[in-house]
Amino acid sequence: MQATTAPSTTPIPGKYWQWRGHNVYYVRASEKQAQRPPLLLVHGFGASTDHWRKNITGLCQDFEVFAIDLLGFGRSAKPKLQYSADLWRDQLHDFISEVIGQKAVLAGNSLGGYASLCVAAQRPDSAAGLVLLNSAGPFSDSQPTSEPEALQSEIQPPKQPATLQKLLGDGTKWIFQQPLAQSLLFQYVRQGWVIRQTLEKVYLDKSAITDQLVEEISRPAYDPGAMEVFVSVFSTPQGEKVDVLLKQLTCPLLMLWGEADPWMNARERSQKFRQYYPELREHFLRAGHCPHDEIPDRVNQLLGDWVLSITK
C-alpha cells in the first residue's frame, strides 16, 4: 500500500440505518473491492464516525470503508436503554450482516475496540479480522471496580483534593452513582474546555487537538438522552473479560498501541493480550490514546498492509 498525503478532515456525509426501531448513523466510502474485505471502524466512548475522518479518506482508495456511530453516541439515537458491550456487539453484528453483507475487518479504538473484540470472539461469522487500537476492557486478574473499565479508561471524574478523598474514602464512588452527582459530572465533562483539557492529557501531538475535534466530541453530548447514556454506561456491570474473549477468538488480530497513553500501560497490557493470543501482530507507536487520529498516515499504512497480508 502506498503512503498517502495528509488526509482531508472534512467529514464524509453519512446515512441512517434502522436497528431495533432506532436510527443508527454510519458512513460508507468507496465500493466493494474484489478479494479485499470491507473495513468497519468503531469509535471510543464519547467519540463518533467523525473521529475516523482521516482514516476513512486515507483507506478508501484501497478498501470499501464503513464507520458507524454506536447507539447512544454521535449522530445515532440515544434511547433509554441499558448500554453494554452486548448491546453494541449485537448492533455491529447486525450491521455487518444487514448493511455490509459480508465478513468485515473490525477496527476499534478504546471502548470501540472492546465492542469489536466481543463481535469477533462471540459472532465469528462477522469478522474477517480484528484491529485493536488502545483497546479497553477488563481482564480476569484486574482489580474489580464499580464502573466499567472501558469507561474508566476514557473519562476520569475531577480529581478530589487529598483531604476530601480521605474524608470521603470509599464514599466517593457511591456519591458518583447518585443521580444529582452524575448529572453534575456530566454537565462538567461535556464542556468544551474540559474536553480539550482531557484531549491534551491523552494526545502526544497537541497540534492534532483542533477546535473541530473538540466540537465533534462536544456536540452529541448536548443531544436529548445523552446524559442517560452516560449514566447507564457508568452503572452497567462489566462485560465479558478480555482473556475469555481472546480464548474464543479465531480470526487474525493486529494491535496498534499509542505508547504515550496515560490511561493504560501499553507494554504491560500488550503482554496480557499476547499471553492469551500469542499469534497476534502488533506495533508500538509514538502517539497517545487515539493513534488513528494523531498519526493517521502511519496507522492507515500499517492497517492497510496488514489487511492485505491476511487476505493473500
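What follows draws every value from the coordinates through simple rules; no lab data is involved. Everything numeric here is computed off the predicted structure, so don't read it as measured data. Cβ placement follows ideal geometry from the backbone for every residue including glycine, while neighbour counts extend to all protein chains displayed.
Figures for the structure shown
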item	result
Segment 14-154: C-alpha gyration tensor shape, a/c 1.5 cut-off, then a/b vs b/c	prolate
Segment 175-312: C-alpha gyration tensor shape, a/c 1.5 cut-off, then a/b vs b/c	oblate
Pairwise label distance in nanometres, H22 with V244, each label 7 Å out on the Cα-Cβ vector	2.3 nm
Length released on extending from D141 to D205, taking residue separation times 0.36 nm less the Cα-Cα span	19.8 nm
V194-D297 FRET efficiency (beta carbon distance; Förster radius 22 Å; 0.05 resolution)	0.15
Residue-span extension gain [T311 to K80] - 0.36 nm each, minus C-alpha spacing	79.1 nm
